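The block underneath contains the structure these notes are about, expressed in structure tokens.
The values are calculated or read from the model by the stated rules, or taken from the named source; none is laboratory data. Since we're looking at a predicted model, the values are computed, not measured. Methodologically, a virtual Cβ is constructed for each residue, glycine included, from the backbone with ideal geometry; neighbour enumeration extends over all protein chains shown.
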Amino acid sequence: MRFTVVMAWFRKDGTDRGSAASDTDVHPLQQVAASDLERALADRQALIQMCLYALDRARSGGVVERLEEGLAAIGVKALRPDGERFDPARHEAGGAVPTDDPALDGIVAETEVTGFADHDRLLRAPIVTVYAKRNS
């Protein structure tokens with residue numbers, strides 16, 4: 001498709017040669033390219049969302065692993081912050097586990113629902129269980 005659009009633009013004067021370098025009428029090609037890029041990015045986002053939907057419903061560990069590998073190959077990383085300090089800007093608290101160890105207070109004990117990030121953009125925060133110091 002892109003090759004056809006480019007060739008059509010080069011032949012706009014009825015010849016097979018391109019326009020002169022001084023021509024500034026390149027906007028139609030730029031608009032087509034921008035439109036194609038926007039469509040490709042929108043399609044990518046839709047496919048990522050469909051993969052996340054499938055992951056949430058997958059019953060096979062092998063299917064989950066394969067979907068996560070495919071997403072990772074395009075920069076979408078699974079987030080399982082077990083052992084990290086809880087950060088409400090990056091994590092969603094789903095529960096708490098009492099602990100007597102003050103060093104564990106505020107640490108993610110377990111990931112209940114895997115989160116995902118597309119490069120640096122958070123798509124879905126992981127839902128986690130957090131250690132909370134037991135009241136004495």
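Which ones in the range 111-123 are farther than 18 Å from A73 by Cα and crowded, with 16+ Cβ neighbours inside 10 Å?
Within the range 111-123, just T111 meets the criteria.
Keeping to the range 78-117, report how many residues are within 22 Å of the chain's Cα centre (by Cα) and not in a strand (DSSP E or B).
11
The rows are residues; the columns are (1) at positive phi; (2) not acidic (D, E).
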{"position": "L104", "(1), (2)": "no, yes"}
{"position": "I107", "(1), (2)": "no, yes"}
{"position": "E112", "(1), (2)": "no, no"}
{"position": "H119", "(1), (2)": "yes, yes"}
{"position": "L122", "(1), (2)": "no, yes"}
{"position": "T129", "(1), (2)": "no, yes"}
{"position": "R134", "(1), (2)": "no, yes"}
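Kindly provide the set of residues from the range 79-104 that are under 24 Å from I48 (Cβ atoms), small (G, A, S) and in contact with a strand residue (DSSP E or B) (Cβ under 6 Å, 6 or more places away or on another chain), ordered by number.
Answer for the range 79-104, where residues must be under 24 Å from I48 (Cβ atoms), small (G, A, S) and in contact with a strand residue (DSSP E or B) (Cβ under 6 Å, 6 or more places away or on another chain): just G94.
Can you confirm whether the range 118-132 contains a residue that is of a type in the set (D, E, K, R), at pLDDT 95 or above and part of a loop (DSSP other than H, G, I, E, B)?
no
Here are E69, E92: which of them is outside the structural domain of V128 (by TED's automatic domain parsing), over 19 Å from Q45 (Cβ atoms) and surrounded by fewer than 17 Cβ atoms within 10 Å (Cβ to Cβ)?
From the options E69, E92, the qualifying one is E69.
Among the residues of the range 77-89, how many are surrounded by fewer than 17 Cβ atoms within 10 Å (Cβ to Cβ) and under 27 Å from E65 (Cβ atoms)?
Going through the range 77-89 one residue at a time, the tally reaches 6.
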